[in-house]
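Visitor: First the structure, then my questions, so here it is.
The values are calculated or read from the model by the stated rules, or taken from the named source; none is laboratory data. Small disclaimer: the values here were computed from a predicted structure and weren't measured. Note that each Cβ is placed from the backbone with ideal geometry, even for glycine, and that neighbours are counted across all protein chains shown. The area values use the complete protein model at the heavy-atom level, side chains included, leaving out ligands, DNA and RNA. Shrake-Rupley method; radii C 1.70, N 1.55, O 1.52, S 1.80 Å.
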Amino acid sequence: MKFILLIQICSIISSSCMAPVEIGPGYEEYSKCTLDGYTKSLEFLNALEEKTINEQQIYTKFYCKPITNT
């Protein structure tokens, strides 16, 4: 089974999250997907301005969704 990584950028201030972003073509193992979720989340946060993160209280959430072959 393959997995796709989905990451969302969220704001505590606005109590909302952006639509999830799909990362990569897929992962062969769940463990690789979830570990990469932490790395990619950090990359997303590092790309934002510190002021924005502080003012909007930005955080990320991610999950690995199984890809079903149809």
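Visitor: Test Ile4 against the criterion of being surrounded by 13 or more Cβ atoms within 10 Å (Cβ to Cβ) and modelled with pLDDT under 95, and give yes or no.
Guide: So Ile4 fails the test.
Visitor: Mind listing whichever residues of the range 13-32 are within 29 Å of Gln57 (Cβ to Cβ), open to solvent by 100 Å² or more (accessible area, probe 1.4 Å), in a loop (DSSP other than H, G, I, E, B) and touching a strand residue (DSSP E or B) at 6+ places or on another chain (Cβ under 9 Å)? Spell out the reasoning first.
Guide: Initially, the range 13-32 is screened for residues within 29 Å of Gln57 (Cβ to Cβ), giving 13-24.
In the following step, the residues that additionally are open to solvent by 100 Å² or more (accessible area, probe 1.4 Å) were identified as 15, 18, 22.
Narrowing further to those that are in a loop (DSSP other than H, G, I, E, B): 15, 18.
Once the filter is applied, which keeps residues that are within 29 Å of Gln57 (Cβ to Cβ), open to solvent by 100 Å² or more (accessible area, probe 1.4 Å), in a loop (DSSP other than H, G, I, E, B) and touching a strand residue (DSSP E or B) at 6+ places or on another chain (Cβ under 9 Å), the range 13-32 yields only Met18.
Visitor: Between a first residue in the range 13-24 that is farther than 17 Å from Lys2 by Cα and a second residue that is open to solvent by 100 Å² or more (accessible area, probe 1.4 Å), which pairs have beta carbons less than 8 Å apart while being 6 or more apart in sequence or on different chains?
Guide: Ile13/Glu55
Visitor: Still on this structure, I have one more. Please go through the range 36-51 and pick out each residue that is charged (D, E, K, R) and open to solvent by less than 70 Å² (accessible area, probe 1.4 Å).
Guide: Across the range 36-51, the qualifying residues are Asp36, Lys40.
Visitor: Filter the range 49-70 down to the residues that are part of a loop (DSSP other than H, G, I, E, B) and modelled with pLDDT of 95 or more, then identify the one that is farthest from Met1 (Cα to Cα).
Guide: Glu49
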